[in-house]
Amino acid sequence: DAGVIQSPRHEVTEMGQEVTLRCKPISGHDYLFWYRQTMMRGLELLIYFNNNVPIDDSGMPEDRFSAKMPNASFSTLKIQPSEPRDSAVYFCASSQSPRNNSPLHFGNGTRLTVT
Amino acid sequence: AQKITQTQPGMFVQEKEAVTLDCTYDTSDQSYGLFWYKQPSSGEMIFLIYQGSYDEQNATEGRYSLNFQKARKSANLVISASQLGDSAMYFCAMREASSGGYNKLIFGAGTRLAVHP
């Protein structure tokens with residue numbers, strides 16, 4: 001089975017530009033998560049979806065960040081306008097129902113550099 | 001307060017030896033799950049092992065085992081017969097049922113393991 005697929009793997013952009021990160025979860029997984037990883041803050045949960053509906057976006061740093069899940073097989077995380085402090089690795093992960101012990105399955109991440 | 005604490009920023013071990021990576025957690029829930037992930041230098045997050053709070057036996061997966069001490073709220077990862085390929089960052093994570101059972105994982109800061117030949 002294909003795992004979680006993220007694109008692009010690397011993104012370099014200038015401050016002020018819009019950045020869109022993409023994710024395709026594992027088929028049949030009802031939950032989708034966006035995490036951000038930095039040296040200073042570690043792995044932070046930004047937002048997660050259940051059945052395409054955003055459940056908890058309390059980790060989204062500010063209004064410049066937005067996430068959508070238009071269907072069960074696709075999600076985007078958008079930063080507009082981007083700032084140098086947004087530089088990080090962004091992970092998408094998916095999971096089955098929480099009523100079992102299924103772990104989160106992570107994509108390979110997108111390394112974002114904002115100059 | 002930190003939910004997940006990994007007190008060892010870095011560890012090293014000789015190849016073929018066993019190593020224990022520490023993890024303590026903080027929760028008032030009775031039902032929760034504990035996970036360990038490996039992140040090699042290539043960056044991906046690889047799920048290693050899971051322990052449920054009601055599981056009576058320690059979880060094992062190949063060379064990985066979880067030393068679960070519920071009263072002490074610790075869930076240490078034991079890697080037996082270390083291999084060079086085990087060199088990576090290791091993250092402990094917890095899911096609490098009180099978070100609505102919505103499968104939110106909270107991660108520790110990680111431990112960097114170096115396996116020496």
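The values are calculated or read from the model by the stated rules, or taken from the named source; none is laboratory data. In this text, all values refer to a predicted model and were calculated from it rather than measured experimentally. As a convention, Cβ positions derive from the backbone with ideal geometry for all residues, glycine included, and neighbour counts pool all protein chains shown. The area values use the complete protein model at the heavy-atom level, side chains included, leaving out ligands, DNA and RNA. Shrake-Rupley method; radii C 1.70, N 1.55, O 1.52, S 1.80 Å.
Values computed for the structure shown
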{"read-out": "Within region A:1-15, tally of residues that are open to solvent by less than 90 Å² (accessible area, probe 1.4 Å) and assigned to a strand (DSSP E or B)", "value": "5"}
{"read-out": "Cβ-Cβ under 7 Å pairs, at least 6 apart or on other chains, region B:3-18 side hydroxyl-bearing (S, T, Y), far side open to solvent by less than 80 Å² (accessible area, probe 1.4 Å) and not in a strand (DSSP E or B)", "value": "B:T5/B:G108; B:T7/B:D22"}
{"read-out": "Some residue of region A:45-54 being touching a strand residue (DSSP E or B) at 6+ places or on another chain (Cβ under 9 Å) and loosely packed, with under 13 Cβ neighbours inside 10 Å", "value": "yes"}
{"read-out": "Strands (runs of 3 or more DSSP E) wholly inside region B:1-111 that include at least 1 residues being at pLDDT below 95, open to solvent by less than 70 Å² (accessible area, probe 1.4 Å) and closer than 22 Å to A:H29 by Cα", "value": "B:32-39, B:46-52, B:88-96"}
{"read-out": "Residue among A:S102, A:S95 that alone is among the small types (G, A, S), in contact (Cβ under 8 Å) with a residue 60 or more places away in the chain, within 10 Å of chain B (Cβ to nearest Cβ) and under 30 Å from B:D55 (Cβ atoms)", "value": "A:S95"}
{"read-out": "Residue in region A:70-85 that is within 28 Å of B:T5 (Cβ to Cβ), in contact with an Asp or Glu (Cβ under 9 Å, 6 or more places away or on another chain) and among the small types (G, A, S) present", "value": "no"}
{"read-out": "Test: residue in region B:100-117 that is more than 26 Å from A:F91 (Cβ to Cβ) and not small (G, A, S)", "value": "yes"}
{"read-out": "Residues of region A:58-88 satisfying the condition of being surrounded by fewer than 19 Cβ atoms within 10 Å (Cβ to Cβ) and within 13 Å of chain B (Cβ to nearest Cβ)", "value": "A:S58, A:G59"}
{"read-out": "Total residues in region A:16-45, condition in contact with a Pro (Cβ under 6 Å, 6 or more places away or on another chain) and not in a strand (DSSP E or B)", "value": "1"}
